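Colleague: Below is the structure I would like to discuss, written out as structure tokens.
The values are calculated or read from the model by the stated rules, or taken from the named source; none is laboratory data. Computed from a predicted model, the values in this text were never measured in an experiment. Cβ atoms come from the backbone with ideal geometry, glycine included; neighbour counts cover every protein chain shown. These area figures cover heavy atoms from the full protein model, side chains too; ligands, DNA and RNA do not enter into them. Shrake-Rupley method; radii C 1.70, N 1.55, O 1.52, S 1.80 Å.
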Amino acid sequence: MGCDRWVMLVIPIIYALSNVSGELKRFEQPSKGDGSLSFLVIGDWGRRGAFNQSQVAFQMGKMGEKLDIDFVVSTGDNFYDNGLRSVHDPAFEESFTNIYTANSLQKQWYSVLGNHDYRGDAEAQLSPLLTKIDTRWLCLRSFIVNAELAEIIFVDTTPFVKSYFQDPEDHIYDWRGINPRKHYIANLLKCALRESNAKWKIVVGHHAIKSVGHHGDTKELATHLLPILKANNVDFYMNGHDHCLEHISDTESPIQFLTSGAGSKAWRGDVKQLNREGLKFFYDGQGFMSVQLTQSNAEIAFYDVDGKILHRWNAFKQFGDHSSI
């Protein structure tokens, strides 16, 4: 079965199968009755409510209700400091179920793994047993959400980063299902993107392609993933990893790089290359991001821990056109 053919599978089977050597799994996410779509994006959050995680969650709940969100996207590093120990780790409920309690957040959560998640039992987060504990939870290494108006491709970026393999320092990574690394990455790139009729094309990964935050650019993604995003006319690349909120416009394409990694602990004053060309917005405190889509408009907004809008940006499309500011 090639990458251009897709099937919808029930969740237990999806979790049981590998999505490395074959095509990525696809999930159907209905849009609203008027065809619009809205969701929140949060990353780098799971600290049992500490470092303002609970306050950010409270504001997410308020904004989720106001925007009538359809789902939530997590950009990874879901559980600190070292992922989950097992499917029975109480951190799952203590950092997720018991924190994001607002009615508006009782929607599907689509999550990818971050580098901290790979430092624990990475496969625990992929297990259907967690979905039995909290039905909102859906996490795979890489997968696709067809939201009618938008196609959202979730990409497992941690295996791209060579240093995690060559110089792991004192960390132990759970590379089950990843090695050989080059083969895993090659298959992922082959199946991650394809022709799509969706009005908006979005890719979600944990690591930034472009960032002025602590970690900066991820050179492996800039080399291997970015050319594919450009070739497929992707509108937005959304990530976490840097504990900040950030918006950078690509200078060579219409792609917008959007960082939402401020779900709990932030890194105040940790900024690189602040004069970066294309930088639209940077905030080194806690917060989250919202996305509202229609056939002709995309509105991106960033919020701080008090729910204040820090930055708002709009893109517009005409029939058959790519986005324009």
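Colleague: In the range 175-233, what residues are touching a Ser or Thr at 6+ places or on another chain (Cβ under 7 Å), surrounded by fewer than 21 Cβ atoms within 10 Å (Cβ to Cβ) and either among the aliphatic types (A, V, I, L, M) or not in a helix (DSSP H, G or I) (or both)?
Modeller: Once the filter is applied, which keeps residues that are touching a Ser or Thr at 6+ places or on another chain (Cβ under 7 Å), surrounded by fewer than 21 Cβ atoms within 10 Å (Cβ to Cβ) and either among the aliphatic types (A, V, I, L, M) or not in a helix (DSSP H, G or I) (or both), the range 175-233 yields Gly177, Asp217.
Colleague: Now for a different question. Write out, first by first residue and then by second, each pair whose Cβ atoms fall under 6 Å of each other, whose residues are 6+ apart or on separate chains, and whose first residue, in the range 158-187, is over 17 Å from Asp117 (Cβ atoms) while the second is at pLDDT below 95.
Modeller: Sorted first by the residue in the range 158-187, then by its partner, the pairs are Asn187/Val20; Asn187/Ser21.
Colleague: Scan the range 155-169 residue by residue and report those that are part of a helix (DSSP H, G or I) and touching a Phe, Trp or Tyr at 6+ places or on another chain (Cβ under 9 Å). Steps first, please.
Modeller: Just the residues of the range 155-169 that are part of a helix (DSSP H, G or I), to begin with: 158-160, 163-166.
Once the filter is applied, which keeps residues that are part of a helix (DSSP H, G or I) and touching a Phe, Trp or Tyr at 6+ places or on another chain (Cβ under 9 Å), the range 155-169 yields Thr158, Pro159, Tyr164, Phe165.
Colleague: On to the next question. Give the residues of the range 255-272 that are crowded, with 21+ Cβ neighbours inside 10 Å and in contact with a Phe, Trp or Tyr (Cβ under 8 Å, 6 or more places away or on another chain), sorted by residue number. It would help to see each step written out before you state the result.
Modeller: The initial filter retains those residues of the range 255-272 that are crowded, with 21+ Cβ neighbours inside 10 Å, namely 255-264, 266.
Of everything in the range 255-272, those that are crowded, with 21+ Cβ neighbours inside 10 Å and in contact with a Phe, Trp or Tyr (Cβ under 8 Å, 6 or more places away or on another chain) turn out to be Ile255, Gln256, Phe257, Leu258, Ser260, Ala262, Gly263, Ser264, Ala266.
Colleague: Let me ask something additional. Out of the residues in the range 110-148 meeting the condition of being under 20 Å from Ser86 (Cβ atoms) and either among the aromatic types (Phe, Trp, Tyr) or modelled with pLDDT under 95 (or both), tell me which one is surrounded by the most Cβ atoms within 10 Å (Cβ to Cβ).
Modeller: Per the criteria, the residue is Tyr118.
Colleague: Using the structure shown, decide if Ile172 is in contact with a Lys or Arg (Cβ under 8 Å, 6 or more places away or on another chain), surrounded by fewer than 16 Cβ atoms within 10 Å (Cβ to Cβ) and not in a helix (DSSP H, G or I). Outline the logic, then answer.
Modeller: Numbers: in contact with a Lys or Arg (Cβ under 8 Å, 6 or more places away or on another chain): yes; surrounded by fewer than 16 Cβ atoms within 10 Å (Cβ to Cβ): yes; not in a helix (DSSP H, G or I): yes.
So Ile172 fits the description; yes.
Colleague: Here is a follow-up. Looking for something more than 21 Å from Asp117 (Cα to Cα), assigned to a loop (DSSP other than H, G, I, E, B) and open to solvent by less than 40 Å² (accessible area, probe 1.4 Å) - is there at least one such residue anywhere in the range 273-281? Explain how you work it out, then say what you get.
Modeller: We begin by selecting, within the range 273-281, every residue more than 21 Å from Asp117 (Cα to Cα); these are 273-281.
Then drop every residue that is not assigned to a loop (DSSP other than H, G, I, E, B), which leaves 273-278.
Filter once more, so that each one left must be open to solvent by less than 40 Å² (accessible area, probe 1.4 Å): 278.
Yes: one or more hits.
Colleague: Does Asp81 qualify as being open to solvent by 50 Å² or more (accessible area, probe 1.4 Å), under 22 Å from Phe160 (Cβ atoms) and either free of Cβ contacts under 8 Å to residues at least 60 places away in the same chain or within 15 Å of the chain's Cα centre (by Cα) (or both)? Break it down into steps so the answer makes sense when it comes.
Modeller: Working: open to solvent by 50 Å² or more (accessible area, probe 1.4 Å): yes; under 22 Å from Phe160 (Cβ atoms): yes; either free of Cβ contacts under 8 Å to residues at least 60 places away in the same chain or within 15 Å of the chain's Cα centre (by Cα) (or both): yes.
The answer is yes for Asp81.
Colleague: Conditions: (1) out of contact with any helix residue (DSSP H, G or I) (no Cβ under 8 Å at 6 or more places or on another chain); (2) assigned to a strand (DSSP E or B). Lys132 meets all but one. Number of the miss?
Modeller: (2)
Colleague: Take Thr157 and tell me if it is open to solvent by 20 Å² or more (accessible area, probe 1.4 Å), modelled with pLDDT of 95 or more and among the β-branched types (Val, Ile, Thr). Full working, then the answer.
Modeller: On the way: open to solvent by 20 Å² or more (accessible area, probe 1.4 Å): no; modelled with pLDDT of 95 or more: yes; among the β-branched types (Val, Ile, Thr): yes.
Spelling it out, it is not the case that Thr157 is open to solvent by 20 Å² or more (accessible area, probe 1.4 Å), modelled with pLDDT of 95 or more and among the β-branched types (Val, Ile, Thr).
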